[in-house]
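One structure is given below, encoded as structure tokens.
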Amino acid sequence: MAIDETSGKRAERQNMENIDFSKFEKNILDKGFVRLVDMMGDDYAAVKAARVSYGQGLKTPERDKALIMYLMEHGHETPFEHIVFTFHAKAPLFVARQWFRHRIGSFNEISQRYTEIKDEEFYIPSNVRVNVPEDRQKAVQLNDEELLHKVIDMMENVFDESYKIYKELLGLGVARELARIVLPLATYTQFYWTVNARSLMNFLNLRADSHAQWEIQQYAIAIADIFKETCPWTYEAFIKYGYRGDLL
């Protein structure tokens, strides 16, 4: 059975082809960022994937949006796998290692074997947190400027010393792959992440939540903003029926 699509609906699909990716970049933490660099599909991709079961395609915007709401409400999530994002992120190593635990997606990371680390590439926190006895996953911020400055000074001293040793090792001819092991988890890394909307929503459930570490929360919130701008119907349905966190 042929799937009917009017010229008006085809014009709506062409909006994705003309998307300006440069506006989907957000600065995170002190030196990090996340930017959308590519995307395949949008809200209409999920609609078409769902309706192919009946040999049908797009209908009216009202009916298409209603279908997305129905799919999300009733847990029919495979159509959302046909919306795919590619992000370029720069984040501290400890954030990236948490991020890479989201296995349904593809990652490619900058190599410290092939590139030399620059001395400004360390994360300096803007707040200080302490653990709470009642929740081992959670930390709370303290409004203590004196402690914050002390913590930053201690961290910067360690970063300066580790980078000094790193450069000395390179100067002795030690390979980058070995010299890098003296660098701290605060070192920034960069990577590409390609992920479908279904997996992205799982990421937001876990990381756009107060139980996640504060630093990765900031990346998750920024990604949620990009998700909302590019797939407004899917995002609205997700917040209404699928979101289990507490930050969005």
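The values are calculated or read from the model by the stated rules, or taken from the named source; none is laboratory data. All of these numbers come straight from a predicted model, not from anything done at the bench. Here the Cβ is made from the backbone with ideal geometry for all residues, glycine too, and neighbour counts use every protein chain on show.
Details
- Helices (runs of 4 or more DSSP H) lying entirely in region 42-118 (those with 1 or more residues that are out of contact with any Cys (no Cβ under 8 Å at 6 or more places or on another chain) and farther than 30 Å from residue 178 by Cβ): 43-51, 61-73
- Flag if residue 117 is surrounded by 16 or more Cβ atoms within 10 Å (Cβ to Cβ), outside the structural domain of residue 32 (by TED's automatic domain parsing) and of a type in the set (A, V, I, L, M, F, W, C): yes
- Scanning region 18-41 for residues that are assigned to a helix (DSSP H, G or I) and either farther than 17 Å from residue 232 by Cα or outside the structural domain of residue 69 (by TED's automatic domain parsing) (or both) gives a single hit, 22.
- When each of 219, 192 is tested for being surrounded by 22 or more Cβ atoms within 10 Å (Cβ to Cβ) and in contact with a strand residue (DSSP E or B) (Cβ under 7 Å, 6 or more places away or on another chain), the lone residue that passes is 219.
- Total residues in region 198-234, condition of a type in the set (Phe, Trp, Tyr) and under 19 Å from residue 104 (Cα atoms): 3
- Residue that is buried (at least 16 other Cβ atoms within 10 Å of the Cβ), in contact with a helix residue (DSSP H, G or I) (Cβ under 9 Å, 6 or more places away or on another chain) and modelled with pLDDT under 95, where the choices are 32, 41, 57: 57
- Looking across region 137-166, the residues that are in a helix (DSSP H, G or I) and surrounded by 14 or more Cβ atoms within 10 Å (Cβ to Cβ) come down to 148, 151, 152, 155, 159, 162, 163, 166.
- Condition met for residue 125 (at pLDDT 95 or above and buried (at least 17 other Cβ atoms within 10 Å of the Cβ)): no
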